[in-house]
Structure formats: structure tokens, C-alpha cells
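Contents: one structure, followed by commentary.
The values are calculated or read from the model by the stated rules, or taken from the named source; none is laboratory data. Everything numeric in this text was worked out from a predicted model, so none of it was measured. Here the Cβ positions follow ideal geometry from the backbone for every residue, glycine too, while neighbour counts run over all protein chains shown. Ligands, DNA and RNA are excluded from the accessible area calculation, which covers all protein heavy atoms including side chains. Shrake-Rupley method; radii C 1.70, N 1.55, O 1.52, S 1.80 Å.
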Amino acid sequence: MKRRKMNLFLSFLLFSCLSYGNFGCQKDEPIILPPPPETLSVKFYLSTPDQTNQFSPQETGIDIAKDNNFQTINIHAEERYQQMQGFGYTMTGGSAMHLMKMSAGKRKALLTELFDPQEENAIGVSYLRLSIAASDLDEKVFSYNDLPEGQTDESMSHFSLKEDQRYLIPVLKEILEINPEIKFLSSPWSAPIWMKTNKASKGGSLLPVFYDAYALYLQRYVEEMAKNGIDIDAITIQNEPLHPGNNPSMYMEAEDQAAFVKQSLGPAFERAGLKTKLIVYDHNADRVDYPMDILKDTEANKYVAGSAFHLYAGDINALEGLHASFPQKSLYFTEQWVGAPGDFAADLQWHTQNVTIGASRNWCEVILEWNLAADANLEPHTEGGCDQCLGALTINGDQVSRNPAYYIIAHLSKFVRPGAYRINSNTSNKLPNVAFENEDGSVILLVMNNSQEETHFNVAVGGESYVTSLLPGAVATYVF
């Protein structure tokens, strides 16, 4: 009892000292509290090879740098390179089919997640590639002007987008409601077979006698899509012109592509007043000579806005030479697949180093991964088409799972908005990276740990220096 009374007395004495300064306590003496921890405004999104993080926001892991001996990535926003147009995927006919077979509510939620540039939990895809008629990831081969054997239609009186009206055009209209600023690039896999040397969907070449007819076919495509509210920002002349083994496909040498552009397609688009850009090549980085030869042709050059690339062969750094020779022409990275069943660690590392970082550092303004969606059986595809193409999404009814390409693109699409500039940052084999500045002044850094050990490093940007670390194979986006 005495102890309890003593405790009560001491508690009263302490309360009185703090409140009133009584019993000999110093009056008005301030109570010093420790300063609150400094809150950094840096956003940090992380993907790790073990998939414990898949484009996951981090609450810790970056701090103000003190003196250390770590490597520093220095970002210089005043040194600008290409202006970015967007990041995304290819919306194949099969992708559109799976999306349109979802329930309306689930589809709206998924499209919002993919394309909304403002939604907190969305990834802000800003650019899509479409196929002009069928790609090999459609249910069947078709063109917009299929005719009975022996017939021709050079005036395009039978031209029709009816196949695209089933799934593709409806889903594009829904996407445009979510993001009216999204851009579309379209690529043909083949001309109608009656225009080709072998009269087949697979292989063969465009007959010169039908150059004008095919130019009108592509013109009508752009015009009819516009009537549906879908503006085509650019078209490539031919998907993979040096690969006649796909279905559909069409072989086209550089000399022939140059002739088609300067004699027929360029003048047709000019007469029609179309602003759709013409992009040449659209194939692997091992043949930079192909677009180089077209651009050296002054008559073809005047109609060409740029060149497009894939990376199934060659080195992404080869694009630097093309840019140096024709710096006024844009570069597009239009396709790279992830093979089923996918290997998250390996795919994340290779695609980040070579595609999102590599293509960006080699002047590409558009960066796209291949197929947006397939089902669990990797369907649909044409007979002879790709049967191992893993979509960024796997869609089975209303069930959706996200695969490596989803996260690879998300690391840039969410934060690097159209109009951003790539800016200067020093890079290394250990920490490959690329930096951008948005129109609002925010700076984005994508970096990967390409070593076999956890790596600490500094980031110097805007007069501040930060310290962070990444595990082996990890990829991070920092938003300053």
C-alpha cells in the first residue's frame, strides 16, 4: 500500500512539473522531441526474379545518400535525345477475341487496368500495334478483299472490314473511351492473295502490276478505320518482309519495298491527304542495311517517316548506326515475343536489357512487346502460325493471369508518358539503365542489376543524391 501511494505521488509530481512548473520544476522549459523521419517523395517499383515482387510499389529501399564508394548513376535532364511516343503491345485479332468474350464488367476493369493513364493501379499503355487483316495469331487467314480464284478488284469495290468488326474494332472503341490519346500502328502480314506471285497466303511476293491496287487497299484501310473513330498513326509496309515462312506472310526485298513506296503508296497517301506515317522494314536488327538502302533512295525517302525493328536476330545496338546516318527519321521497336511457358527471371532480364533499355538507348520512340493476350492453350493461331507465343495476359473467360511481358512493359508504360524525352544517364554492364523526363518535370529511371550479387548504388538527379540496392536480376523503376 505504501508503494502504491508513493507511485501515485510521483505520478502527480511529474504531471505537475510538466503542466505547471510546480514543486521547484523549471517553468516554461520546452520538451524536445526527436525530429520525424524524413519522407522521400521518390516512387520505387520493383520486380525480382523470384516473383516475390512483380512491378510492386516499395515503401522502403531508397534513402538520401551519405558518403560512400558505390557506383553512381548520374542523370542529366538537360541533355535530351528522342521524344517518346509510347509503350505497349500488339492487339492481335486473337487478343481482341478473348477480350470481347469476357463479361462487360470484367473487360472494362481489365481495359482500365491496361490503358488508363490516371488510375493508380493501371499501367498506362499508350501505344498499340494492330494487324492489317489477319496476322498469324488470328483464328483464320483473311484479307479485306478476298475473291474467288481468278478474280481481281483493283478498284477495291469489295473492300470490307467485316472481320475486324467482330472483335477488334469494338474493343478498340472501348479502349479509346478509356484513353482517347492512345496511338495505333498497323502492319500487314500479306496482301490479298490475288495480288501475289504464288496466289497463296504463305510466302510469295507482291506483283508489280498490283502496286497501285495494294496502295489503294492500304489507303482504304486507313480511311475505313477512321470512319470507325480509329485514327491510324502509322503503318509499316510489311511485317517481317524477309520471313516468307509464316502464315500469312509475304516476301519483299528492300529494292521492291522502295519501289512500292515511291511509285504507289507514298503518292496514294499524299493524294488522299492522309497523315498516317509510313514506316519501312519491320524486321530484325541483323539487317539494318535493308532500311538503310530504302532511305538512301531519295524518291522513297521523302515519303518515309522511319524504320521498325524486331530482335529475333542481330544486336539492338546496330540501330545506333542507322540513326547516325538518318537522324531525322524515327525508329520503332515493334515486336518481341515471350515463348511459352515463359521464364519470369530470364525473360525479365533479357527483355529489360535488350528491349526496354536497349531499344530506348538506341533511339526508338515506340517500344512494343508482341501479343497482348492468348488463352491457356496459346490459341488462336492460324495453321502454321505461332503456337508458342505467350501473351502478356492469359485470358480464360473472365479469368486473367499476367505474364512476363505485362510487367516488362509496365515498368515504363505507367510512368514514361507520350512526349517524354530520353535524357542522359551513364550506364554500365553491371547496372544497365535508361532515364526519361516527362513534360511535367518528373524524372524516370529504369535500372537492372545485371550482376550475380546484391548491388548498392547511388542515383544523382536534380541536385540530390539517393542510395538504393537491387538483388541479382532485379529490375526497378524510380520516379523522382
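Note on the stretch 154-213: percent of Cα-Cα distances in each 10 Å bin, starting at 0 and stopping at the bin with the largest distance, equals 18, 36, 28, 17, 1. Taking every C-alpha pair closer than 8 Å and separated by at least 6 residues, the mean separation divided by the residue count of the stretch 334-472 gives a relative contact order of 19 percent.
Here the simple spin-label model places points 7 Å from the Cα toward Cβ, and for E454 and Q151 these points are separated by 7.0 nm. For the stretch 452-467, 3J(HN,Hα) computed residue by residue from phi via the Karplus equation (6.51, -1.76, 1.60; θ = phi - 60°) reads 9, 9, 4, 10, 8, 7, 9, 10, 9, 8, x, x, 10, 10, 10, 10 Hz, glycine and proline entered as x. Using just the helices of the chain, give the 222 nm mean residue ellipticity in deg cm²/dmol: DSSP H runs with n ≥ 4 each add -39,500 (n - 2.57), and the total is spread over all residues, rounded to 500. Result for the chain, helices only: -7500 deg cm²/dmol. Normalised by 2.2 N^0.38 Å, where N is the number of residues, the alpha-carbon radius of gyration of the stretch 187-345 equals 1.04. Amide H contacts of K277 (H built 1.01 Å from N, in plane; Pro and chain starts excluded): A234, I235 sit under 5 Å, all sequence-distant by 5 or more or on other chains. Counted over all Cα-Cα pairs of the chain, pairs farther apart than 34 Å make up 40 percent.
Determine the share of the chain's accessible area contributed by carbon and sulfur atoms, expressed in whole percent, with a 1.4 angstrom probe. About 49 percent, which is the carbon plus sulfur part of the accessible surface. For the stretch 62-76, the residues whose backbone nitrogen is under 20 Å from a point 7 Å from the Cα of Q353, taken along Cα to Cβ, are 71-73.
For the stretch 329-480, the C-alpha radius of gyration divided by 2.2 N^0.38 Å, with N the number of residues, is 1.13. Legend: P(r) of the stretch 438-480 from all alpha carbon pair distances, 5 Å bins from 0, whole percents, reading 5, 20, 29, 21, 14, 7, 3, 0. In percent, rounded to a whole number, the relative contact order of the stretch 133-173 is 33, using alpha-carbon pairs under 8 Å and six or more apart. Accessible area per residue for the chain is 44 Å², calculated with a 1.4 Å probe on protein heavy atoms, without ligands, DNA or RNA.
Residues whose amide H lies under 5 Å from that of Q336, counting only those 5 or more places away or on a different chain, are W370; hydrogens are built 1.01 Å from N in the peptide plane. Only bridges whose two residues both fall in the chain count here: according to DSSP, what percent of them are antiparallel, nearest 5? Of the beta bridges lying entirely in the chain, close to 50 percent run antiparallel.
Each residue was assigned an accessible area with a 1.4 Å probe, and for R80 the value is about 130 Å².
Each Cα pair under 8 Å and six or more residues apart adds its sequence gap; the mean of these over the residue count of the chain is a relative contact order of 22 percent. 3J(HN,Hα) along the stretch 139-150: 5, 8, 7, 7, 10, 8, 8, 7, 10, x, 3, x Hz, from the Karplus curve 6.51 cos²θ - 1.76 cosθ + 1.60 with θ = phi - 60°, whole Hz, x for Gly and Pro. Our coupling estimate for the stretch 374-390, obtained by passing each phi through the Karplus curve with A = 6.51, B = -1.76, C = 1.60 and θ = phi - 60°, is 9, 9, 5, 9, 6, 9, x, 7, 6, 5, x, x, 5, 10, 10, 7, 7 Hz, Gly and Pro reported as x. Modelled this way, with points 7 Å down the Cα-to-C-beta line, the labels at T52 and A226 are 5.4 nm from one another. Distances between placed amide hydrogens fall under 5 Å for N284 paired with H310, all partners being 5 or more residues away or on another chain.
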